[in-house]
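In what follows, a structure is listed as structure tokens, so that the remarks can point back to it.
Every number in this text was worked out from the coordinates using simple rules, so none of it is lab data. All values derive from a computational prediction rather than experimental measurement. Glycine gets a Cβ as well: all are built from the backbone with ideal geometry, and neighbour counts include every protein chain shown.
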Amino acid sequence: MKGNWPWPRLFAHRGGGALAPENTLAAIRLGQSLGYTAHEIDVKLSQDGVPVLLHDATLERTTNGRGRAADLPWAELEKLDAGSWHSPRFAGERIASFAQAAALFRSRDTKVHIEIKPTPGFDRETGKKVALATRALFGDAKVAPIFSSFSFEALLAAREAAPEIARAWLIDQFTDADWDRLGRLEAVSLHTSHKKLDLAQVPQLHDKGYRVNLYTVNEIDRAAMLLEAGVDGLFTDSLEAFAAYFPKLI
Ligand code: G3P
Ligand code: MG
């Protein structure tokens, strides 16, 4: 395998899975309180270049804002309610900046998988800025974060800006063309959908030195089968159930 692999087999997806509003500090706290030692987050840029935690390019689904996050400065984004959409008890929860999330992760030595999720058209800028921010915020962390992205350009830019931070190539459906991308990124891992990967490819990927991590697995039987088949790690939204069933894997 390429490099050491300091990750547990289960990652808390979008900060805290389904129990709290995704990609918020409340979600991260919840994952930590359940014992998770590694979290996945999605990071993109505000209009003024501040890295923030947000999955979608637009604000409507997970906040009370409108339009693209890339069109608002951080000073506007931080006023939005990013919790009410989930449930009343999270009303008033804010969008988290990457720096705020980093402080929370660092307070518990939580390991972080950073999915660089550029707003379309901002791929290189996002890769570079997130990489430099990661170096500044986690440079002395016990375990360095890992980057992944569906954007090849963003990951290339991250590699140029902070080559020392490991990368994973993230693709919905793995095809032969992705071997070349894994090589050009000097990636250590392939991340892909558990619904589409032919499990016969797991040993092939391992033979070439790549780890294999799959999203988003929410059923215990399915997770047990995939882990037994040799998949290195899974991203899950079922935080409570997985922590109870696989307590040694978080
Ligand atoms: O990083 C794995 C997974 O998060 C990719 O899918 O859409 O949940 O960001 P998505
Ligand atoms: Mg993600």
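3J(HN,Hα) along segment 5-15: 10, x, 9, x, 7, 10, 10, 6, 7, 6, x Hz, from the Karplus curve 6.51 cos²θ - 1.76 cosθ + 1.60 with θ = phi - 60°, whole Hz, x for Gly and Pro. Model label points for residue 198 and residue 2, set 7 angstrom from Cα along the Cα-to-Cβ axis, are 2.2 nm apart. The string of couplings for segment 17-26 from the Karplus curve (6.51, -1.76, 1.60, θ = phi - 60°) is x, 8, 7, 9, x, 4, 6, 10, 5, 4 Hz, one whole number per residue in order, with x for Gly and Pro. For the peptides 53-59, 220-226, the ranking by packing is 53-59, 220-226, with the highest mean count of neighbouring Cβ atoms within 10 Å listed first. Of the trypsin sites (Lys or Arg not before Pro) found in segment 116-189, those that fall in a DSSP loop while having at most 14 other beta-carbon atoms within 10 Å are 142.
Working note: Karplus 6.51/-1.76/1.60 with θ = phi - 60° gives segment 154-169 the couplings 5, 5, 4, 5, 5, 5, 5, 7, 9, x, 6, 8, 5, 10, 10, 8 Hz, where Gly and Pro are set to x. Overall size of segment 107-184 from C-alpha positions, given as principal axis extents largest first: 40, 23, 19 Å. Considering all C-alpha pairs of segment 158-203, those separated by over 13 Å amount to 56%. Loop-located GluC sites (Glu not before Pro) across segment 1-108 with a Cβ neighbour count of 12 or fewer within 10 Å are 60, with loop assigned by DSSP. Extension gain, residue 173 to residue 47: 0.36 nm times the residue separation minus the Cα-Cα distance gives 42.3 nm.
Label zone of residue 160 (point 7 Å out along Cα→Cβ, amide N under 20 Å): in segment 40-65 this covers 44-46, 49-51.
Express in % the proportion of alpha carbon pairs of segment 1-94 at distances exceeding 21 Å. All intermediate terms of the calculation are to be shown ahead of the outcome.
Values: 1556 of 4371 pairs.
Of all Cα-Cα distances in segment 1-94, 36 percent exceed 21 Å.
Per-residue extension of 0.36 nm, minus the Cα-Cα distance of residue 221 and residue 61, leaves a gain of 54.6 nm for this segment.
Where in segment 7-83 are there trypsin sites (Lys or Arg not before Pro) that are in a DSSP coil and have at most 15 other Cβ atoms within 10 angstrom of their Cβ? List each step's numbers first, then the result.
Values: sites: 9, 14, 29, 44, 61, 66, 68, 79; in loops: 9, 14, 61, 66, 79.
Filter output for segment 7-83: 61, 66, 79.
For segment 20-70 versus segment 147-226, the spacing of their alpha-carbon centroids is 22 Å.
Pairwise over distinct Cα atoms, reciprocal of the mean inverse distance: report the Kirkwood radius of the chain in Å, one decimal place.
18.0
Scanning residues 5 or more positions from residue 216 or on other chains, those with amide H under 5 Å from its amide H are 194, with H placed 1.01 Å from N in the peptide plane.
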